[in-house]
C-alpha cells in the first residue's frame with residue numbers, strides 16, 4: 001500500500017471515528033425501560049400544576065353568591081396582591097412642574113414632570129380640552145414601545161379623549177420613553193426593545209421581595225395623585241386605559257385603586273389558562289408572585305373592581321387569546337350581575353392583530369364618555385391618518401431626553417440597591433436552624449427525610465475509548481424524570497462525581513471535554529438533567545436570562561426553580577452515594593452556571609452528603625444583583641424575597657471549611 005493510499009485510508013478511518021463520536025445517542029427517555037406513567041417535561045409539569053390551581057380557583061369563585069361574599073373575595077385578593085408586590089413606598093412630595101405647553105385646535109398639551117419617589121421622576125404629557133373645567137381625566141398607560149407616551153397609538157388615545165371632553169395624561173413607564181433605566185455612554189437607551197429591560201429590572205426586584213410591576217403600579221398611583229393636584233381635573237371622575245403592556249398595568253391599577261372609576265384595558269385580558277396553553281408567561285411585570293396559588297386569574301382584575309364600569313378591548317387575531325377574553329367577560333358579567341350592575345362590564349372585539357384598531361379606539365372613547373362625562377352617544381370610527389400626531393421631539397419633557405441625565409435622578413436599580421442595604425442591615429440569624437428554616441420556607445425545599453429516595457431505570461449504553469457511559473433515568477415524586485449519564489472508567493475509584501450544567505447532562509460530556517478528564521483519572525461521573533433541563537426542557541432558553549418561561553410559571557405558582565433544582569440535586573446525590581454500594585460512597589459535587597445556586601443550597605442544607613463542592617461561573621452573592629443590570633443574567637437563580645432573610649454568602653458559611661470552592665472558569 002503506497003503512502004497516498006495509506007493517507008486516504010487513515011483519513012477515512014478518522015472521519016468515521018469522528019462521525020461515531022458526534023453521532024452518539026446520549027438521550028435516555030426514548031429508550032428507558034419501565035418508565036412510570038405520567039412522566040412529563042419540566043414545563044409541562046408546571047402547566048399541570050397551574051391548571052390544578054385554576055381549577056381550585058373556579059370552585060371557589062362558584063361559591064360567591066351574595067354581595068357580601070363578593071366584597072370579601074375582592075378585599076382578600078387585593079390584600080394578597082399588594083403583599084406579593086412587596087407593598088408600596090410612602091407618599092412623598094410630587095414636586096410637579098409644567099415645563100412646556102403646546103396649543104392645539106381643540107386642546108392644549110402640557111409637558112409635565114413629577115416625582116413618584118424622591119428623585120425618581122415621571123415624564124408625562126397632559127392633554128386638556130379647551131373650555132371650562134374641571135374635566136374628567138384618563139390615564140393612558142403605554143404598551144411596550146420605545147417612545148412610550150409619544151408613540152402614535154398613545155397620542156391617538158389622548159387626542160380622541162380630549163376631543164370628547166376629557167383630559168388625558170400619557171406618561172412614560174420605567175424603561176421607556178424618557179425613563180430608560182439603562183443608558184449607553186452617550187446617553188441613549190441601551191436596548192431598542194423594552195421587555196428585556198423590564199425583566200432585567202425584575203431580577204433584582206424579585207430578590208428584595210418586589211416586582212417590576214411594583215414600581216409601575218406605584219407610578220400610576222402617583223399619576224392619579226398628580227391629577228388630583230390640578231384644578232382643571234375633577235378628581236372624582238378618573239379613568240384609565242392602555243394597550244398591551246399598558247393593558248396589563250390598567251388591569252392592575254383598576255383592581256387596586258378605587259379612584260379609577262372607569263377602565264378599559266386593551267389587548268391584554270384573557271385567562272391564565274389560555275395564556276399558559278398558548279404564549280406562556282410574559283415579561284417580569286406581567287407575573288405577580290404566587291398569584292395562581294392564591295387563586296388570582298386574569299378575570300379577577302375585573303372582578304376585584306366590580307361594579308365599577310370596565311370595558312375589555314380585544315382583537316380577533318391577538319396573541320392574547322380571544323376565546324380567553326370572552327371567558328374573562330363571562331366570569332366578570334356573572335359577578336357584576338350578582339351585584340346588580342351587569343351593564344357596567346362589556347367587551348369590544350375588532351378584527352385585526354395585536355393593537356388597538358379604529359373600532360377599539362372609538363369604543364373606548366365612547367365608554368369613557370358614557371361613564372365619565374355622562375354622555376352616551378356614539379363616537380365615530382375614524383381612520384388613524386386623521387389624527388394630527390406630533391413628532392416625538394416636540395413632546396419631550398427633559399432637556400436631554402432622559403431623566404437619568406438629570407441631576408440626582410435615582411433609577412429603579414438604585415432604589416432596589418437601597419432596599420437591599422436596608423434588608424442586609426436587618427438580616428440576623430440567632431442560630432443555624434433558624435437560617436435553614438428560612439431558606440427552606442422561601443425557596444420551597446423539603447427536609448431530606450421528607451423526600452422519597454429516587455429510583456432509576458436503565459436506558460442503554462455507549463462505549464468510548466477507555467470507558468463507557470450507562471444511560472439511565474432517575475425518578476422522584478416530582479413527576480419529572482431526571483435523565484442521567486454515568487461515565488464509568490475501567491477501574492473506578494470508590495468515590496464519584498455528580499456533575500451539573502445549565503445546559504444539561506451532555507453539555508460537558510463530549511470526547512475530550514471536562515467530564516472525560518475526570519473519568520480519565522479513574523473516577524465515575526454522573527451527569528444529570530435536572531427538571532426542565534436537557535431532555536425535560538422545552539424550547540431554547542434566552543441567552544441572557546436563561547429559561548425565563550419556566551421560571552415565571554413557577555413564580556406565578558409561588559415556587560422557585562432554585563428550590564425544585566435543589567431537591568433534584570439532593571435526590572441525585574443520594575442516588576450516587578448509594579447506587580450498587582454496600583456503604584455510602586463519597587460524592588464530589590460540580591455545578592456549572594446558574595444551577596450552581598441550587599447546588600449551593602443543597603450543600604448548605606445537607607453538607608454531609610457531599611465531600612466537596614465546586615461551583616463554576618456561579619454568583620457568590622445575590623446582594624449585587626439589585627444594583628447591577630448585567631447581574632440580571634442570574635434571573636432564574638433567584639428566590640422571591642430571599643434577601644429579607646439570607647444571602648448566598650450565608651449559605652456558603654454553612655458548608656464546612658475546605659469543602660467549597662468557587663471556580664470562575
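List of remarks:
- Distance between the pseudo-spin-label points of residue 37 and residue 236 (7 Å out from Cα toward the beta carbon): 6.4 nm.
- Debye intensity ratio in log₁₀ form over the Cα atoms of the stretch 71-399, taken at each q of 0.13, 0.14 Å⁻¹: -0.93, -1.10
- Cα gyration tensor category, rounded, prolate or oblate, for the stretch 532-575 with a/c compared to 1.5: oblate
- Antiparallel beta bridges, as assigned by DSSP with both residues in the chain, represent about 50 percent of the total such bridges.
- Counting beta carbons within 10 Å around each of 322, 201 and listing the fewest first gives the order 322, 201.
- Global geometry of the stretch 375-442, whether rounded, prolate or oblate, following the gyration tensor of its Cα atoms and the 1.5 cut on a/c: oblate
- Packing-based exposure ordering (other Cβ within 10 Å, fewest first) of 569, 469: 469, 569
- Relative exposure of 515, 625, judged by other C-beta atoms within 10 Å (fewest first): 515, 625
- Read-out Rg and Dmax of the Cα atoms in Å, derived from the coordinates shown; its label in (1) 28.4, 104; (2) 25.0, 77; (3) 27.3, 83: (1)
- Extension gain (nm, one decimal) between residue 458 and residue 323, 0.36 nm per residue minus Cα-Cα: 44.2 nm
- The angle between the Cα long axis of helix 412-426 and the longest principal axis of the Cα atoms of the chain comes to about 60 degrees, rounded to the nearest 10.
- Acute angle (nearest 10 degrees) that the helix 195-207 long axis makes with the longest principal axis of the chain, alpha-carbon atoms: 70 degrees
- Global form of the stretch 616-665, assessed from the alpha-carbon gyration tensor, a/c cut-off 1.5: oblate
- Principal axis dimensions, the stretch 287-403 - Cα atoms, whole angstrom, descending: 48, 40, 29
- Between 0 and 90°, nearest 10: helix 561-578 axis offset from the chain longest Cα axis: 10 degrees
Every number here is computed from the coordinates shown, using simple stated rules; none is lab data. As the structure is a computational prediction, the values presented were derived from the model and not from experiment. No Cβ is skipped: glycine too gets one built from the backbone with ideal geometry, and neighbour counts run over all protein chains shown.
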